[in-house]
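The structure under discussion appears below in the form of structure tokens.
Throughout, read-outs are computed from the coordinates displayed, never taken from laboratory work. Bear in mind that the values here come from a model prediction, so they are computed numbers and not experimental data. Because the Cβ atoms are built from the backbone with ideal geometry, glycine has one as well, and the counts that use them run over all protein chains shown.
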Amino acid sequence: MSTALPIPHENGVTQEKRDGAEAAVQENAPPAGQGPSVLRPRGLPQQPVPLEERPTWLTLAYIASGLLMFLTQGLGMNIVSANIYQLQGTFSATVAEVAALSAAYMAPYASLSLALFKIRVQYGLRPFAELSIGAFVLASCLNLFVTDMHSALVVRFVSGMAAAPLSSLGFLYILEAFPPQKKLTIGLSIALTGTLLAAPVARIISPGLLDINGYHTLYTMELGLALIALPIIYLLPLTAPPRVKAIERMDIFTYLLLALGLGAFAVFFTLGRFYWWFEAPWLGQLLAVSVASLTLFAVIELHRKNPLLDLRWIFSWPNLHLAGVLIVFRAVTAEQSSTMVGFMQQLGIQNEQMSLLFTCILLATLAGGAACALFMSRQYQGTAHVIALSMIAVGAFMDSQSNNLTRPEQFYLSQSFIAFGAAMFLPPVMARGFGAAIQKGPPYLVNFIAIFLFTQISGSVIATGLLGTLVTIREKFHSSVLVENILLTDPDVVQRVGQLSGAYAKALTDKTLLNAEGLALLGQQVSREAYILAYNDTFLLIGFATVLALLALILHLAFDRIKAWAATRHAQGDAIANHQV
């Protein structure tokens with residue numbers, strides 16, 4: 001790396017400088033008056049091709065690059081949760097210990113994107129992108145050297161830190177492909193659809209990769225994706241906004257408080273249902289640390305002239321309404337990411353048997369994103385919301401009719417409905433929030449990102465933890481009810497125990513032991529039926545919650561229509577009165 005110098009012609013005569021930044025880009029020299037810059041390899045563009053001059057293939061390349069960023073980051077997040085039972089053997093760990101890998105990943109990821117926004121603004125987009133991809137490649141390499149649970153936890157924590165910038169880059173690359181009037185419609189629809197693709201893809205590809213070399217093959221693939229993403233930073237530049245001094249010394253301290261609070265919060269809700277909320281004292285200590293850190297962060301930020309987050313704006317009524325909508329979205333879509341998968345695993349069905357189901361989910365997600373882009377481009381955001389919630393509700397109610405004979409084939413239609421609805425729901429909400437933040441000015445974008453990240457990341461772990469807790473509670477209830485009706489004086493129960501113990505009749509001659517084996521197998525069947533009923537209760541609850549959200553949305557849209565109609569009538573009345581005068 002060296003300082004850029006004037007580039008001579010072949011005959012040795014120095015090329016005359018042209019005016020403006022265009023000559024600087026062509027010559028790898030800085031624009032006039034801006035001082036020296038770092039020399040880049042010749043042929044690599046410094047600024048993107050203007051939209052009006054950009055060929056179609058280049059636009060598609062930007063979209064594909066953004067989707068690659070989302071997929072690379074999302075697979076790292078979902079690989080552990082998609083293979084939690086398979087990784088038990090790899091690390092000789094319990095389910096709760098393997099779940100700690102997800103907690104280690106989410107702890108830094110939950111807050112780091114907020115700090116990265118200011119870092120990007122102050123130090124420039126290209127250095128930010130280069131450092132982000134480089135750090136992710138390094139973190140992916142570290143995964144290849146994991147040998148035990150302790151090293152896996154450390155590497156997953158580092159991976160969570162390194163993956164945080166990739167979501168931002170995914171958004172930036174996809175939005176770069178569109179003109180301003182389409183960024184918050186078609187562009188945002190494609191970007192948010194991209195955030196939903198990694199979860200089904202992780203479950204589709206995991207079985208084949210695990211068969212090759214287990215855990216290391218999964219992360220070799222992640223490393224490969226990171227290496228593909230690395231040259232994109234140089235080949236496809238992004239429009240770099242002007243740099244401004246955004247970071248203050250106090251930002252470092254308040255960010256550390258925020259990171260500690262959100263990190264402890266994420267770990268608490270990720271592991272709470274595995275160690276049970278009231279059984280492990282350290283869970284309560286984590287929650288206390290989270291509350292204390294976030295409270296101190298709020299007290300300091302409310303008294304700062306240039307806060308890291310404008311909490312007064314964040315907690316205004318429109319933003320609280322937006323946050324509530326996003327949390328409801330995360331709660332109802334958790335039905336697909338955790339509850340449905342938990343139901344299948346309870347029946348002994350693993351990822352390789354659900355590959356076609358997740359292929360249907362992936363295709364439905366893509367279709368939902370395309371439909372949402374069409375609705376938004378025609379300004380039918382309210383209609384898209386209604387259709388999305390209706391399809392999620394129908395899918396949840398269909399799932400609530402499951403039984404012990406239900407297999408992935410019975411979920412194809414219902415889960416496709418939910419995936420289609422999920423892809424349609426989020427972009428209109430985000431577009432409205434982005435528009436409000438942009439009107440307030442660039443500093444408010446970080447505040448809007450804070451709302452989005454908290455509701456999507458923290459909302460996701462909260463929804464997953466609470467739904468898993470509900471399943472456990474309802475299973476205990478149904479199990480107690482079923483056990484009350486199992487009496488050894490009942491001839492049907494005696495016959496069933498005899499049938500179940502028949503498989504051991506040739507190995508066990510002791511009648512007492514044989515009967516005990518039959519009772520143990522009957523107990524397993526009772527537990528399975530109790531879990532099925534508990535999952536059905538959860539599906540039903542999600543269905544009713546979605547219906548309530550749909551009714552609230554319809555009332556809100558009706559109120560907006562009435563308000564607009566009244567405003568129009570009032571304007572017409574004023575116009576008539578002025579004309580008469």
Legend entry - Compactness of the chain, expressed as Rg and Dmax over alpha-carbon positions, Å: 27.8, 108
Inset, instruction - Give the angle, between 0 and 90 degrees and rounded to the nearest 10, that separates the Cα long axis of helix 491-501 from the longest principal axis of the Cα atoms of the chain. - result: 70 degrees
Legend entry - Over segment 94-180, relative contact order from alpha-carbon pairs under 8 Å, at least 6 apart, %: 45 percent
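Too long at a 22 Å Cα-Cα cut-off: which of 118/305; 118/440; 440/563; 118/182?
Result: 440/563; 118/182 exceed 22 Å.
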Legend entry - Electrostatic dipole magnitude of the chain [Cβ: Lys, Arg +1; Asp, Glu -1; Cα centre; debye, to 20]: 1260 debye
Legend entry - Mean-position separation - Cα centroids, segment 281-312 and segment 325-359, in angstrom: 33 Å
Legend entry - Derived scalar couplings ³J(HN,Hα) [segment 528-542; Karplus, 6.51 cos²θ - 1.76 cosθ + 1.60; whole Hz; x for Gly, Pro]: 5, 5, 5, 5, 4, 5, 5, 5, 4, 4, 5, 4, 5, 4, 4
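What are the chymotrypsin sites (Phe, Trp or Tyr not before Pro) within segment 57-146 that DSSP puts in a loop, where the Cβ has at most 12 other Cβ atoms within 10 Å?
85, 145
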Inset, instruction - Only Cα pairs under 8 Å and at least 6 apart count here; give the relative contact order of the chain as a rounded whole percent. - result: 16 percent
Legend entry - Neighbour cut-off at most 13 other Cβ (10 Å), DSSP loop, trypsin sites (Lys or Arg not before Pro), segment 273-327: 305
Legend entry - Two-site label geometry, residue 211 and residue 560: point separation in nm, points 7 Å out along Cα→Cβ: 4.9 nm
Inset, instruction - Could you pull out the longest piece of the chain with no exposed loop GluC sites (Glu not before Pro) in it, calling a site exposed if DSSP puts it outside H, G, I, E, B and it has at most 12 other Cβ atoms within 10 Å? - result: 280-581
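For the chain, what does the helix formula give at 222 nm: sum of -39500 (n - 2.57) over DSSP H segments with n ≥ 4, over the residue count, nearest 500 deg cm²/dmol?
That calculation yields -25500 deg cm²/dmol at 222 nm.
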